[in-house]
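The values are calculated or read from the model by the stated rules, or taken from the named source; none is laboratory data. This is a predicted model, so every value here is computed, not measured. Reconstructed Cβ throughout: ideal geometry from the backbone, glycine too, with neighbour counts over all protein chains shown. The area values use the complete protein model at the heavy-atom level, side chains included, leaving out ligands, DNA and RNA. Shrake-Rupley method; radii C 1.70, N 1.55, O 1.52, S 1.80 Å.
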Amino acid sequence: MVTKSVYLDLDRAWEPAPAGLPTIDAAEWGPHLRFSAPPRLVERFYAEVAPQLPPFIVYGSGDFHHLSALWLRRASAAVVLVSFDNHPDWDIRPPKWGCGSWINRALDLPQIEKASVWGCGNFECWWPGQLWGNRRAERAGRLEVHPWADGRSEQDQQRRGAITQRNWRDRFAEFVTEISGRKIYVTIDMDCLDHAHAVTNWENGRFDNNDLSWAVQRLRESCAVVAGDICGAYSKPKYSRWKQQFASNMDHPKVSLDDTDSGIAINTASVEALLPILAG
């Protein structure tokens, strides 16, 4: 696993590196890339780090999840993107490179057949929040979002892709059957996990480690997992531009972490449970 995985340290989310991974120190880039970044800066960063990266990457806060669209560039053949995330990250508004819109950058890549996002628990998949989502890609079948519908109206539970705690494993098993034999890229944003299993900069979701372990194992049994990443651990925000900081503060829930050691321990336990299954 060590030869196929690395910890890309952008924000000191983990110290020491989880799972004993080798570390690439990219902390000087963190404040420039967090939450959003101009395209020229993104390209400079990618040119610098890409040659150092193995197929599987662990990195810090979900504020950097837009970097997954860079990791996907390395796919040499058609792949299906499978994302576990409490947010759909499908916003069609600027900025172009932002953690809330990165799925669209992934769909820009010709090698991405489609993207399927599982475990969305926030407002963005429902009216009126979905007005800003990439509904065109969803209607075309290139993007699937699977939001939690527990406790919502019967009409909401009929929404395309909606899941509940009772039926999500059956729905996921059907999905795995549909993509059986395909090459896939798996990204896990730890905010899809509940409070007991992840401490993040965003709202927590409803999965636990057993849920994700089961889901990733199903993918491994039926598909070719060619690469993947895990992000979403809490880190103290640092920014290089005031507009970037202002927009981030407006968008984020009010989250702070008083017991840093406890948060790191929780997040480390989750990564060490999930990474061996993801990286194979």
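Among residues of the stretch 31-52 that are closer than 16 Å to W71 by Cβ and among the aliphatic types (A, V, I, L, M), those with a Cβ under 9 angstrom from a residue that is in a helix (DSSP H, G or I) and open to solvent by 40 Å² or more (accessible area, probe 1.4 Å), sequence gap 6+ or separate chain, pair up as A50/R73; A50/R74.
I'd like the residue in the stretch 14-41 that is at pLDDT 95 or above and among the small types (G, A, S) and, out of all such residues, is surrounded by the fewest Cβ atoms within 10 Å (Cβ to Cβ). Selected residue: A27. Go through the stretch 77-121 and give me each residue that's among the hydrophobic types (A, V, I, L, M, F, W, C), under 21 Å from F246 (Cα atoms) and either assigned to a loop (DSSP other than H, G, I, E, B) or open to solvent by 10 Å² or more (accessible area, probe 1.4 Å) (or both). Those that are among the hydrophobic types (A, V, I, L, M, F, W, C), under 21 Å from F246 (Cα atoms) and either assigned to a loop (DSSP other than H, G, I, E, B) or open to solvent by 10 Å² or more (accessible area, probe 1.4 Å) (or both): W90, I92, W97, C99. Selection over the stretch 1-39 of residues that are of a type in the set (A, V, I, L, M) and in a strand (DSSP E or B) gives a count of 3.
Among the residues of the stretch 195-225, those identified as open to solvent by 40 Å² or more (accessible area, probe 1.4 Å), without any contact (Cβ under 8 Å) to a residue 60 or more places away in the chain and within 25 Å of A13 (Cβ to Cβ) are H195, D208, N210.
You will find that of G181, G121, G133, the residue that is in contact with a Phe, Trp or Tyr (Cβ under 7 Å, 6 or more places away or on another chain) and either modelled with pLDDT under 95 or at positive phi (or both) is G121 and no other. Of all the residues in the stretch 131-181, those that are crowded, with 19+ Cβ neighbours inside 10 Å, polar (S, T, N, Q) and in a helix (DSSP H, G or I) number 0.
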